Structures are given as structure tokens and as C-alpha cells.
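Inspection log for the structure reproduced underneath, given as C-alpha cells.
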Amino acid sequence: MERQRILIAEDDAPMRARLEDALAADPALEVAFSTGTLAEALAGLRRIVPDVLLVDLGLPDGSGLRLIREARQLMADAQILVVTVFGDEKSVVAAIEAGARGYLLKDSEPSDVCQAVRQLLAGGAPISPAIARHLLRRFQEPARPPDAASASRPAGAANELPHLSKREVEVLELVVKGFTFPEIGSLLGITPHTVTTHVRRIYRKLEVRSRSEAAYEAVQLGLVDV
């Protein structure tokens, strides 16, 4: 059986290595090209014509959306799976409109990503549960003009937002951008243990259990910008 060729565009080296290992362990799949930059991914795309693309939206030299669009132009039936920390509505809709057929948050295990690739090849559309719930709510809620939506918002609704300290917001912004806890500690001049303490408090206040869910909620609530 011919192995399906995979192109990976993921700038987080440890994450990229885990994906490579998981995919290489599947006898039906082959990692044909793997890189951490948009420029190299574009070059690889034209050279090897992969069966599946795994794309992170936040590449250091540009948006993964460009790679998705280029793939769609080169291969109308390209199977494209986004694997990213960005779970906000704008990112999800933009990726789907560009041509992505699956969307996973980065808290997914590499084995889950491997299974998602198989689903894509079988005609499925894998998507993280948190994203699916958000999209369902988006389409189930009646559309209202902005003024009407504002008018219907209870007075004092802004006070219902989780109250985060200035330091917690700083930590949250770096979490959303994908920095590791040691990197966040170095940037803010605090220890990784202190970062972990802040993150636990943030998770509790946002009522989430993972980095990706925290990023999703933070963007949805307007607590940080991406």
C-alpha cells in the first residue's frame, strides 16, 4: 500500500518532533517534509505535492493561512488540517474559508492528530470539541444587529468577566502566544513555579483545563489580543 505523504508546518520544534514520531509510526503515513517556517513550507509544497498538510497558523515568518491558500490553488483536493493554539472565531472561520478541512487545538495528543489525519483521508472533518461547541453556538444563536446585541446585554455584564490581575493578564497573553512556562518566567522575571501558580489561578477563573481552552476563552472574552 502506498503511504500517504505528509507536510508539517509547525514552528514549535518539540511539538513538530512529536508529530513526526507519531505519524512515522503509522504504516500508512509518511512525513515527506517538515519545517518550522512558512517560506520553507511553501517551497516544500511545490516540490513534493503532499497528500496531507498539517499547518500551524502562527508561523514566525507569516500566517499559515497563506500556506493553506497556496495548497488549495495547487491541489483542489488537498487535505489540510490546522493544528494551532488559536481557537478564536476569527481564526477558525478564516482557516475554513481558506480551505482547511480539519481544525485541532494544540492540546491534542500527537496520537489524536494521527487519527485526525486518517479521518481526513477517509473523507471526515476532524475538529476539536471546544471548537465544535463554539461553532454550534454560533450557528444556533439567532443573528442580531450589533446595536440589538448591545442593547440586550444586561447592565453591568462587563462586571461578569473573570477578574484577572495585571500579572495574570501578562502571563495569559504569553500563554496565548505559545510561550513555554520557563520562557514566560524569563520574559517576566519570575520563576517557572510562579508562572505555574498564575496559570492555575487563570484556569480556575476562566473555568478551563488546558492551554488551548484558556487561549480560546481569553480571545472570546476579549481579555487578550492575538
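Tabulated results
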read-out	value
q = 0.08, 0.18 Å⁻¹, the chain: log10 I(q)/I(0) [Debye, one scatterer per Cα]	-0.33, -1.30
Estimated 222 nm signal from helices in the chain, with DSSP H stretches of n ≥ 4 weighted -39500 (n - 2.57), rounded to 500	-16000 deg cm²/dmol
Whole-Hz couplings from phi, Karplus 6.51/-1.76/1.60, listed for region 180-186; x for Gly and Pro	6, 4, x, 5, 5, x, 5
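Values quoted throughout were computed directly from the atomic coordinates according to the rules given, and no laboratory measurement underlies them. Every value quoted in this text rests on a predicted model; they were computed, and no experiment measured them.
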